[in-house]
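Scroll down for the structure; my scribbles are underneath it.
The values are calculated or read from the model by the stated rules, or taken from the named source; none is laboratory data. This structure is a prediction, so every number in the text was calculated from the model and none was measured. Ideal geometry is used to build each Cβ from the backbone, glycine not excepted, and the neighbour counts take in all protein chains shown.
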Amino acid sequence: MKVLIVGSGGREHAIAWKVAQSPRVDKIYCAPGNAGIEEYAECVDIKAMEFDALAAFAKEKGIDLTVVGMDDPLVGGIVDVFEAQGLRVFGPRKNAAILEGSKAFSKDLMKKYNIPTAAYENFTDPQAALEYLKTSKFPIVLKADGLALGKGVLICNSYEEAEAGVREIMTDKKFGSAGNCMVIEEFMTGREVSVLSYVDGKTIKPMTSAQDHKRAGDGDTGLNTGGMGTFSPSPFYTEEVDEFCRKYIYQPTVDAMAAEGREFKGIIFFGLMLTEDGPKVLEYNARFGDPEAQVVLPRMKTDIVDVFEACIDGTLDQIDLQFEDNAAVCVVLASDGYPVSYKKGYLIEGLDAFKEKDGYYVFHAGTAKGKDGIVTNGGRVLGVTATGPNLKAARKNAYEAVDWVKFENKYYRNDIGKAIDEA
Ligand code: AMP
Ligand code: GLY
């Protein structure tokens, strides 16, 4: 069969790699793709938001299955456009992708269906938000309602900081229309865990857990980024936590969406905080995480194409979803200066080393083809993933592989997976 993947990051590279493992797949296309994805897929120069052009391409090539990796096209309704033309596509429709597309929607859903999350209020008027903040406890969390590249969340330690945050989000519209509405929520403490799950509208099958490192600097310092590294599984995600989440968070979320007439098919990514009062939802995403996919997919044993199709067909209950009993760590190699400003166009050396070694992967994010080879072309350049029998071994292997790759301005965190030592 022929598969089209929509997206261009490290996550889409990991999806393309996993799809390529399926004996059922003869040909993969990726739009727009990147220099690394080309190893598995023919990259086509159509942007992820060009729905009509993508659907026309899928028709012309006789694509059997399209997989959408990114949030913007999902929230924008790419799945509805494909379905209207009779094309098979993996991902939530627009009315379900709102689970990620509107934080106010997701908070109201959780409240209505008693799904554990932080206490909150939604605001569309900045003045009303400021009044509320005058009587609030600090720290407190401000969240732009819409998509903001993972940067629309502000943790404010004082009224003054919160006042500046309200101005940034709601008045100055730093995140554009994403700030037309804002959630103000209680600050929670605890371990964070990401659980990505396959959903077919009624059945949900959680994948193995992972943990991201969102800040740019060692020791969780510096600015928020798209994610600087991940490990899987999380040692803090115990069987007891898993049992609680399945019963009170995962299935209730799927059932709530169905009850609202917003049947969810695709990936639900649960961002969880393991608080003293039990696990609570920090956020939902309607897609694989990046770089969570880069540690979860290399550990997945089941044929992913079978799983994608079962989600579309509503037969996920018949899938035996299996993961390796090992661990994986991904260290993101970024351009120094990310997430603010950085130079691009530096030659990358050492990529061939990964071809000879089992259990080592290099997933491309911001790369391009230069005249002398592959060059840096973004803030997050590569994700280096290694597996091992346990988390410590996987981390040692990942950092060993980090040294194989050389480019000017290479920057990475040295403490990805340090929490493992505290487990
Ligand atoms: P989100 O995009 O909602 O996941 O927020 C990004 C990051 O902000 C999360 O991964 C947390 O580290 C932090 N965060 C979000 N909401 C809260 C909260 N209510 N309490 C504490 N930290 C939070
Ligand atoms: N790594 C966080 C995300 O994909 O949203």
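When you go through (1) surrounded by fewer than 18 Cβ atoms within 10 Å (Cβ to Cβ); (2) over 22 Å from residue 257 (Cβ atoms); (3) in contact with a helix residue (DSSP H, G or I) (Cβ under 8 Å, 6 or more places away or on another chain); (4) of a type outside the set (S, T, N, Q) one by one for residue 175, which number turns out not to apply?
(1)
For the stretch 5-61, name all the residues that are part of a strand (DSSP E or B) and among the aromatic types (Phe, Trp, Tyr). Before the answer, list the steps.
Initial filter on the stretch 5-61 (part of a strand (DSSP E or B)): 5-7, 27-32, 42-43.
Within the stretch 5-61, just 29 meets the criteria.
Of the conditions (1) under 30 Å from residue 301 (Cβ atoms); (2) in a strand (DSSP E or B); (3) more than 18 Å from the chain's Cα centre (by Cα); (4) not small (Gly, Ala, Ser), residue 202 fails just one. Which one is it?
Every listed condition holds for residue 202 apart from (2).
Taking the stretch 207-216, which residues are in contact (Cβ under 8 Å) with a residue 60 or more places away in the chain, assigned to a strand (DSSP E or B) and under 18 Å from residue 234 (Cα atoms)?
Going through the stretch 207-216, the residues in contact (Cβ under 8 Å) with a residue 60 or more places away in the chain turn out to be 207-208, 210-214, 216.
From what is left, the residues that are assigned to a strand (DSSP E or B) are 207-208, 210-212, 216.
Across the stretch 207-216, the qualifying residues are 207, 208, 210, 211, 212.
Return the residues of the stretch 250-260 that are surrounded by fewer than 23 Cβ atoms within 10 Å (Cβ to Cβ), among the aliphatic types (A, V, I, L, M) and under 21 Å from the mean Cα position of the chain (by Cα); say none if nothing qualifies. Steps first, please.
The first filter runs over the stretch 250-260 and keeps only residues surrounded by fewer than 23 Cβ atoms within 10 Å (Cβ to Cβ), leaving 250-252, 254-256, 258-260.
From what's left, among the aliphatic types (A, V, I, L, M): 254, 256, 258-259.
Scanning the stretch 250-260 gives a single hit, 254.
Can you tell me which residues in the stretch 278-310 are within 13 Å of ligand 2 (Cβ to nearest atom) and under 22 Å from residue 388 (Cα atoms)? Full working, then the answer.
Within the stretch 278-310, the first condition is being within 13 Å of ligand 2 (Cβ to nearest atom), and the residues that meet it are 282-296.
Within the stretch 278-310, 289, 290, 291, 292, 293, 294, 295, 296 qualify.
Going by the structure shown, is residue 174 within 16 Å of ligand 1 (Cβ to nearest atom) and modelled with pLDDT under 95? Outline the logic, then answer.
Numbers: within 16 Å of ligand 1 (Cβ to nearest atom): yes; modelled with pLDDT under 95: yes.
The answer is yes for residue 174.
Only residues that are farther than 16 Å from residue 398 by Cβ, within 19 Å of the chain's Cα centre (by Cα) and either part of a strand (DSSP E or B) or within 12 Å of ligand 1 (Cβ to nearest atom) (or both): list them for the stretch 221-238, please.
223, 224, 225, 226
It is to be established whether one or more residues within the stretch 231-241 are surrounded by fewer than 16 Cβ atoms within 10 Å (Cβ to Cβ), modelled with pLDDT of 95 or more and not β-branched (Val, Ile, Thr). Before you say what the answer is, go through the steps one by one.
Within the stretch 231-241, the first condition is being surrounded by fewer than 16 Cβ atoms within 10 Å (Cβ to Cβ), and the residues that meet it are 238-240.
Restricting the remaining residues to those that are modelled with pLDDT of 95 or more gives 238-240.
Adding the requirement that they be not β-branched (Val, Ile, Thr) leaves 239-240.
Within the stretch 231-241 (the criterion being surrounded by fewer than 16 Cβ atoms within 10 Å (Cβ to Cβ), modelled with pLDDT of 95 or more and not β-branched (Val, Ile, Thr)), the answer is yes, since at least one residue qualifies.
Could you tell me how many of the residues in the stretch 198-219 are surrounded by fewer than 23 Cβ atoms within 10 Å (Cβ to Cβ) and within 14 Å of ligand 2 (Cβ to nearest atom)?
Total satisfying the criteria: 3.
Take the residues of the stretch 137-171 that are among the hydroxyl-bearing types (Ser, Thr, Tyr) and at pLDDT 95 or above: which is surrounded by the most Cβ atoms within 10 Å (Cβ to Cβ)?
Checking each candidate, the answer is 159.
Among what's in the stretch 261-290 and is more than 10 Å from ligand 1 (Cβ to nearest atom) and surrounded by fewer than 18 Cβ atoms within 10 Å (Cβ to Cβ), pick the residue that is nearest to residue 195 (Cα to Cα).
Result: 278.
Only one of 147, 133, 142, 109 is within 16 Å of ligand 2 (Cβ to nearest atom) and in contact (Cβ under 8 Å) with a residue 40 or more places away in the chain. Can you tell me which? Show your work before the answer.
Numbers: 133 fails: within 16 Å of ligand 2 (Cβ to nearest atom); 142 fails: within 16 Å of ligand 2 (Cβ to nearest atom); 109 fails: within 16 Å of ligand 2 (Cβ to nearest atom).
Just one listed residue meets the conditions, 147.
Consider the stretch 159-188. How many of its residues are within 19 Å of residue 120 (Cβ to Cβ) and assigned to a loop (DSSP other than H, G, I, E, B)?
5
Could you check residue 193 against (1) more than 15 Å from ligand 2 (Cβ to nearest atom); (2) within 20 Å of residue 150 (Cβ to Cβ); (3) in contact with a Leu (Cβ under 6 Å, 6 or more places away or on another chain) and say which number it fails?
Failing condition for residue 193: (1).
Just checking, which of 86, 146 is small (Gly, Ala, Ser), in a loop (DSSP other than H, G, I, E, B) and within 21 Å of the chain's Cα centre (by Cα)? Before you say what the answer is, go through the steps one by one.
On the way: 86 fails: within 21 Å of the chain's Cα centre (by Cα).
Answer to the check: 146.
Of a type in the set (Lys, Arg), buried (at least 18 other Cβ atoms within 10 Å of the Cβ), within 15 Å of ligand 1 (Cβ to nearest atom) and touching a residue at least 40 places away in the same chain (Cβ under 8 Å), is that true of residue 299? Let's see the steps before the verdict.
Values: of a type in the set (Lys, Arg): yes; buried (at least 18 other Cβ atoms within 10 Å of the Cβ): yes; within 15 Å of ligand 1 (Cβ to nearest atom): no; touching a residue at least 40 places away in the same chain (Cβ under 8 Å): yes.
Considered against the rule, which asks whether it is of a type in the set (Lys, Arg), buried (at least 18 other Cβ atoms within 10 Å of the Cβ), within 15 Å of ligand 1 (Cβ to nearest atom) and touching a residue at least 40 places away in the same chain (Cβ under 8 Å), residue 299 comes out as no.
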